[in-house]
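What follows is calculated from the coordinates using simple rules that are stated; it is not laboratory data. The shown structure was predicted, so the numbers you read here are calculated from the model rather than taken from an experiment. All Cβ positions, even for glycine, are placed from backbone atoms using ideal geometry, and neighbour counts span all protein chains on display.
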Amino acid sequence: MRVALVLAGLAPEPQYEIWDDGRLLARVDFAWPEERLLVEYEGAYHFDGVQIVRDDARIAALEAAGWRVIRISAADLRDLDTVVARVRAALLGVRS
């Protein structure tokens, strides 16, 4: 996914740490800090009953801190053009 984003001219900052009021909220897969946009890849274990609750709380905290979040699953990776289009639209402020 990172290679596809870079090739499309949408180079993210990988493993970006997001802090809020001196507290580390999360280290995210990809971020565009100036646009306050992040992308998280969620593998199969993220859909476990306990993990999904934790992830949802984490995403809610990031959104409450003013970040926009795009969540990507393994199924999304089958169509990287669509992933790139989603990220590009978010960076341009287009709501899907």
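In table form, for the structure just shown:
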item	result
For residue 8, net neighbour charge (Lys/Arg +1, Asp/Glu -1) across residues whose Cβ lies under 12 Å away	+2
Full-stretch length increase - residue 73, residue 27 - with 0.36 nm per residue and alpha-carbon distance subtracted	14.8 nm
Ranked by how many other beta carbons lie within 10 Å on average, peptides 14-21, 82-89 from highest	82-89, 14-21
Which labelled figure in [x] 37, 33, 18; [y] 38, 28, 27; [z] 33, 30, 24 is Cα extents along the principal axes in Å, once derived from the coordinates	[z]
Separation in nanometres of the label points that stand 7 Å from Cα toward Cβ, at residue 34 and residue 52	3.8 nm
Amide H within-cut-off set for residue 37, under 5 Å, with H built and near neighbours excluded	32, 68
Pairwise label distance in nanometres, residue 8 with residue 81, each label 7 Å out on the Cα-Cβ vector	1.1 nm
The chain - mean residue ellipticity at 222 nm from DSSP helices (-39,500 (n - 2.57) per run, n ≥ 4, rounded to 500)	-11000 deg cm²/dmol
Relative contact order [Cα under 8 Å, 6+ residues apart], the chain, whole percent	24 percent
